[in-house]
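What follows draws every value from the coordinates through simple rules; no lab data is involved. In this text the structure is predicted, and so the values were computed from the model without any measurement. For neighbour counting, all protein chains shown are included, and Cβ atoms are generated from backbone atoms with ideal geometry for every residue, glycine included.
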2 protein chains.
Amino acid sequence: MIHFPERVKICECWARDGLQGEDQFIPTEKKIAILNRMVEIGFKRIEATSFAHPRLIRQFSDSLEVLKGIQRPPDVTFIAIIPNDKGLDRLLEACDQGYGVQEITAILSASEDHLLANLERTFEEAMPPLADVVKRARQAGLKVIGCIGTAFGCPLAGEVPLGKIIELTDWYLKQGATSIMLGDTTGEANPKQVREVFGKMQERFPGVDFIAHFHDTRGMGLANTLAALQEGIVYHDSSFGGMGGQPATRRPKYHKGFAGNTCTEDMVVMMEEMGIETGLQIQEVIETALMAEEICGRELLGHVTRSGPIRHRSPQPLSPQDFRLGWEVPPALFSVENLGARTPRQDLPGRVIREALEKIWPLPAGLGIDLDGVLVKSEIEERTILVTRFKPLGLEKEKGRAFLEVLSQKANGDIYLQGQVKLVFP
Amino acid sequence: MIHFPERVKICECWARDGLQGEDQFIPTEKKIAILNRMVEIGFKRIEATSFAHPRLIRQFSDSLEVLKGIQRPPDVTFIAIIPNDKGLDRLLEACDQGYGVQEITAILSASEDHLLANLERTFEEAMPPLADVVKRARQAGLKVIGCIGTAFGCPLAGEVPLGKIIELTDWYLKQGATSIMLGDTTGEANPKQVREVFGKMQERFPGVDFIAHFHDTRGMGLANTLAALQEGIVYHDSSFGGMGGQPATRRPKYHKGFAGNTCTEDMVVMMEEMGIETGLQIQEVIETALMAEEICGRELLGHVTRSGPIRHRSPQPLSPQDFRLGWEVPPALFSVENLGARTPRQDLPGRVIREALEKIWPLPAGLGIDLDGVLVKSEIEERTILVTRFKPLGLEKEKGRAFLEVLSQKANGDIYLQGQVKLVFP
């Protein structure tokens, strides 16, 4: 038997880790639009922003406006990175005014070299003020994630001893941290290591919630997520389009190319395909990822945004959005005898079109199928095998009408039906 | 304890599955160049070409010339796809003349709908001639891979029952097939399913070599590979740059975007990082992937071609190729006291540069380091912490000389060394 958690708790990190390395400033209202959409489609943990000094990371100069702008259902946990006491001061003020977060992330690296490069502090310098941040946040009623960066290796220091991760976890828990994040900051983790590290950490700290935070720098984001799932890890971080990485500031950028987080939309599809509940609808997650692409103005690194979900395992009724996304539609293939031998000849085209559509999508009740634009080019027999292909042509969203090009061919290539189908959504 | 195979047998599929969907014709001599390079760097199983009819897939119209052109050490197995008896006739002729292959792949789909769409044949029509191909190939002394496509699901037919895969495996083995490939033709597999299917198949057919052949359509190539490794699978297929997919012919193309095979260079890095022997050197695999990129004229889908390997786990001495690839170099960080308190002041710059280089790479014996182009901008003390960054500027390959920009800074940002280092390789 293979065991995985029945359900996971995903933290969507696009608005913070995802945007941290983004050169262009994403307008505040667009950040808010994506965050609100995340809430609408069911994300329950959302990393909303960072309280890094606005001079250091301009992307987060609007952190307060972002927090003011988002909707806040009671069951959604918003999270912010708090790098120091000044950041905490600003956040607590926001909390007092009713637009704070419920959880903060405190940051350390497992490697002192990385800590020096990233925060310009030694352990000795970084830990006492951080302890203070954790304690004050806890006193203010906030939960605290103790983040341990470079937990799986560091490009500056090399291997990170497990003892260091244990020591820092111990320390965080003593300060009052409510969960521990092991961060693969520079994409050095491999699945074997992930299993070993999470396995040993959970043995050592039973009952502590560990968060898996991987970067896809070497393409292993999903494989490492799988390894963490196998160790029973419930908390997973990811970012739309696999965005993210080290800050694009004067700090060292360790790797070119793919430095981002594990890709949210690909991860959700993998989990849902494996029967692990994410609480999310694949189609809606993909749509939101496409919104993020539009906002960033370029194709991001997700796979399922290109391929679409696996239709026969994600049965969503056909909807206007299928046309908006413009996914390629697989052909429908069946023998005419499937339609029933007694279908009157004049009804055959309509039966063929409906059968073909139903082979591809569950059709919503009351869908109108208008064949006025379809020509019948030849006769068919009971034993004829038809390959019917549709191509989405366009959508009149307001009127709920969509247009499909249709070509239905016999096995020998002869055309049976050709033209344009109009669908009228109920 | 987590178990994986100690070593794997990778089949590099770039020259066949990789190129099958490529619109541009890759010149014969370039195919040969990559195939020869694969042999040189240690691939022992190589899918060299397809004997599909040249009219159907023009990319393989040069299959005989390719086979004539490649070097053939005795320990390398070359593999060709044989779709039908005519293809086999052509191959056997080539074998007689000394430029054949040692192994062929026979193709079926687990889904009849896919078989119809792909080969325009039902099971009843496809299997007798295929049986003949398998038997004749075996009589000619060739090994035969029985490929079962869409083994993890089919966009046309939906789920594929395990019973069908068992039935086809049984059939293949009876015809004389020497191994069985389960192909995730359209990227529908997920890791849970991969473990279940390979687990049950190995239980049912002990001693049979199963080959895992995944497509990265939904980004799960490496996660599925990991799942197959956990089931003890030793044979893995992959393609440089994640190239590959359905033929770009009149056959249906099921998915846009990423339809290719699991990416060779990313897969090799994952395996080697996990301590699984591939028999390959990461750096050489990445270089060959970059050759394939150059030949295809575009950036392919590999990750480690962008990020580079994890240096501290793949200790390769610094070599001229590090400059050719232009990877970003992580900064070196250390305190001056590391150099030894007694270093004479005038020797300090040289010691700093060497120490910094050694922090990043193992240096080859006899490497010359010329500091004529480096300026000393300030004093340093024993306790000074230096961050030293190098940027590859260029390479004079013939002379074995490479140039690095260097900037060595103190923690406060003051510059200690700045300029150009010349390296002379032994």
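Worth a mention:
- When the Cα gyration tensor is reduced to axis lengths a ≥ b ≥ c, the ratio a/c is 1.5 or higher for the range B:332-424, and with a/b above b/c it is classed as prolate.
- Sorting B:CYS147, B:CYS296 from the fewest to the most surrounding beta carbons within 10 angstrom yields B:CYS296, B:CYS147.
- Computed over the protein assembly as shown, the convex hull of the alpha-carbon atoms projects to a mean area of 38.0 nm².
- Annotation: the residues B:VAL134, A:VAL234, B:VAL387, sorted from fewest to most other C-beta atoms within 10 Å of their own C-beta, follow the order A:VAL234, B:VAL387, B:VAL134.
- Mean residue ellipticity (222 nm) of chain A, computed from DSSP H runs ≥ 4 via -39,500 (n - 2.57), nearest 500: -10500 deg cm²/dmol
- Amide H partners (placed H, <5 Å) of A:GLY100, local residues excluded: A:CYS95
- Under 15 Å from the Cα of A:LYS143 - aspartates and glutamates, other chains or at least 8 residues apart: A:GLU47, A:ASP75, A:GLU103, A:ASP132, A:ASP209
- Mean-position separation - Cα centroids, the range A:99-143 and the range B:159-178, in angstrom: 57
- The C-alpha atoms of the range B:381-426 occupy a region whose extents along the principal axes are 41, 18, 11 Å, arranged from largest to smallest.
- Distance histogram in 10 Å bins (all Cα pairs of the range A:148-202, percent per bin): 24, 57, 19, 0
- Förster radius 41 Å - calculated FRET efficiency between A:GLU294 and A:LYS377, Cβ distance, rounded to 0.05: 0.55
- Förster radius 56 Å - calculated FRET efficiency between B:HIS53 and B:ILE415 (Cβ-Cβ, nearest 0.05): 0.25
- Looking at the protein assembly as shown, the DSSP beta bridges with both ends there are about 50 percent antiparallel.
- Gyration tensor verdict on the range A:1-148 (Cα atoms; rounded if a/c is under 1.5, prolate if a/b is larger than b/c, oblate otherwise): rounded
- Inter-label distance, nm, simple model (7 Å from Cα along the C-beta direction), B:ASN338/A:LYS397: 5.6
- Phi-derived couplings, Karplus 6.51 cos²θ - 1.76 cosθ + 1.60 at θ = phi - 60°, listed residue by residue for the range B:3-20: 10, 9, x, 5, 9, 10, 10, 8, 9, 7, 9, 3, 6, 10, 4, x, 8, 4 Hz, with x used for Gly and Pro.
- In the range B:386-426, the GluC sites (Glu not before Pro) that fall in loop regions by DSSP, at most 16 other Cβ within 10 Å: B:GLU398
- Order of A:SER111, B:SER319 under a 10 Å beta carbon neighbour criterion, fewest first: B:SER319, A:SER111
- Cα gyration tensor, the range B:9-313 - rounded (a/c under 1.5), prolate or oblate: rounded
- Charged-residue dipole, Cβ positions (Lys, Arg, Asp, Glu), chain A about Cα centre, Debye nearest 20: 340
- Distance (nanometres) between label positions extended 7 Å along Cα→Cβ at A:ARG37 and A:SER319: 1.3
- Dividing the mean sequence gap of close Cα pairs (under 8 Å, 6+ apart) by how many residues the range A:1-76 holds gives a relative contact order of 37 percent.
- Site pair B:ARG204 and A:ASP89 shows an inter-label distance of 6.8 nm when each label is modelled 7 Å from Cα along Cα→Cβ.
- By the Kirkwood approach, averaging reciprocal distances over each pair of separate Cα atoms, the range A:67-131 gets a hydrodynamic radius of 13.3 Å.
- Take every Cα pair under 8 Å whose residues are at least 6 apart in sequence, average their separation, divide by the length of the range A:1-130, and the relative contact order is 21 percent.
- Here the range B:111-203 has an Rg and Dmax of 13.4, 39 Å, counting Cα atoms alone.
- Remark: relative contact order (chain A) = 13 percent; criterion is Cα-Cα distance under 8 angstrom and separation of 6 or more residues.
- Cross-link check: pairs A:LYS44/B:LYS192; A:LYS44/A:LYS86; A:LYS9/A:LYS68; A:LYS192/B:LYS200; A:LYS68/A:LYS391 evaluated at a Cα-Cα cut-off of 32 Å; pairs beyond the cut-off: A:LYS68/A:LYS391.
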